[in-house]
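The block underneath contains the structure these notes are about, expressed in structure tokens.
The values are calculated or read from the model by the stated rules, or taken from the named source; none is laboratory data. Everything numeric here is computed off the predicted structure, so don't read it as measured data. Don't worry about glycine lacking a Cβ; one is built from the backbone with ideal geometry, like all the others, and counts go over all protein chains shown.
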Amino acid sequence: MTDGSNPDHKLSLTLIGVPAARAPMTVLAVERALGELRRGRAVVVRGGGGTSMLALAAEFLNPESLAALSEAAGTMPMLALTARRAAVLGLAETAGRIAVVSGLGGLGADEIAALADPLVPAMLDGEWRSRLDVTVRDRPGHDCASAAVALTKLARMLPAAVIAEIGLADSEDIVVWANRRDYLSVDTGDVFQFERAAVRNLRQVASARVPLDGADDARVIAFRPDDGGREHLAIVVGAPDPAKPVLIRVHSECFTGDLVGSLRCDCRDQLQGGLAEIKAAGSGVLIYLAQEGRGIGLVNKLRAYELQDAGFDTMDANEQLGFDADERVYLPAAKMLRILGYQQVRLLTNNPDKVDALTRLGITVVERVAHSFPSNRHNEFYLKTKATRSGHQF
């Protein structure tokens, strides 16, 4: 997922305009589909031109569910991966958004697991690879396979889906077919509009005074879409003047760092340091976004840690899993700032991409305020990787 700030070829959600009347239906349809996928159930993905597929999250696959998927669809299942994961496997270049993999005689559940999950023991020898047929696709707005992988990302699972084209008689409607078999269905357009639709209805739902050490006048304000979804927070210290650039920190949640004090990252330092800078300035805002692990979720972040322990750096570990180095979305931050009345900011960050992202979303960043902290022996390599590979300025 992306806010559109990265021109690189990545599996992204195309952020196009969403009619206000349609937004609640888009969010509801996609949220229901995500719930089904997270329960290990298949969903119907409807695309343009009458195309449709059954899709199942690859990480929940077993021989029984694979057989059931094939029988229900009436076609041979395939595996849809991000192009980055396919490139890691040596199956494709990264020029596309996704790669669809099929095998002569069909793919087995164990083979699919090895393709989708880098932590599954490798079984892809040269002879086995030669039986694979790989197609790279780059039309996310019209492609059921791309939408299926996007759904697994939104569900914070491994970005891989087992898909099977649905063979229907010409006279049978896909929605009727899905209802008769107790499958939820979702349109590709709703999938690719989901992030924009969810943010469109974001609103303030609660606000309370929460005195902080050194800032008795702090308030925590909660934001949530009208129709459910993830909640984001704003910690407002003092009374920032909307007529002047406001000192802010946009911080993505980090359970391991923020809460339990992990030394693998610098997130706790950035959170506490950001609040300290805002307190010292007398006023400001810390936006706390619910997008753990640079947008890949806590479970996938722990998987990435396991890969880092095996020798991969933080960016390569994400790509081994099939993600981009940074999957965060800053649409909620921009929306929250506008709701609070702040259009001009001084941004506490060492990440120039964050400056660019907020700027593209209509927030004027008048200054990037340096925001770095000493390393320790556990995160020294992590911080060096951020500096050398993603341009962080320490």
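Annotations
- Matching residues, the range 332-341, being surrounded by fewer than 24 Cβ atoms within 10 Å (Cβ to Cβ) and either under 21 Å from residue 153 (Cα atoms) or out of contact with any helix residue (DSSP H, G or I) (no Cβ under 9 Å at 6 or more places or on another chain) (or both): 338, 339, 340, 341
- Matching residues in the range 344-354 - criterion: being crowded, with 17+ Cβ neighbours inside 10 Å and free of Cβ contacts under 8 Å to residues at least 60 places away in the same chain: 350, 351
- Among the candidates 239, 218, residue that is surrounded by fewer than 18 Cβ atoms within 10 Å (Cβ to Cβ), of a type in the set (A, V, I, L, M), over 26 Å from residue 32 (Cβ atoms) and modelled with pLDDT of 90 or more: 239
- Evaluation of residue 377 against (1) under 30 Å from residue 211 (Cα atoms); (2) not in a helix (DSSP H, G or I) (one fails), failing number: (1)
- Only listed residue being free of Cβ contacts under 8 Å to residues at least 12 places away in the same chain and either touching a helix residue (DSSP H, G or I) at 6+ places or on another chain (Cβ under 6 Å) or not assigned by TED's automatic domain parsing to the domain that holds residue 353 (or both), chosen from 316, 258: 316
- Candidate set: the range 288-307, residues that are surrounded by 22 or more Cβ atoms within 10 Å (Cβ to Cβ) and among the small types (Gly, Ala, Ser); chosen: the one modelled with the highest pLDDT: 304
- Selection of the range 170-210 for residues being of a type in the set (Ser, Thr, Tyr) and modelled with pLDDT under 90 yields only 171.
- Filter result for the condition that a residue is within 24 Å of residue 354 (Cβ to Cβ), touching a residue at least 12 places away in the same chain (Cβ under 8 Å), among the polar types (S, T, N, Q) and crowded, with 17+ Cβ neighbours inside 10 Å, over 252, 185: 252
- So residue 141, is it surrounded by 15 or more Cβ atoms within 10 Å (Cβ to Cβ), within 30 Å of residue 102 (Cβ to Cβ), small (Gly, Ala, Ser) and at pLDDT below 90: yes
- Residue in the range 158-169 that is part of a loop (DSSP other than H, G, I, E, B), at pLDDT 95 or above and surrounded by 14 or more Cβ atoms within 10 Å (Cβ to Cβ) present: yes
- Here residue 357 clears all of (1) modelled with pLDDT of 95 or more; (2) of a type in the set (A, V, I, L, M); (3) touching a Ser or Thr at 6+ places or on another chain (Cβ under 9 Å) except the condition numbered (1).
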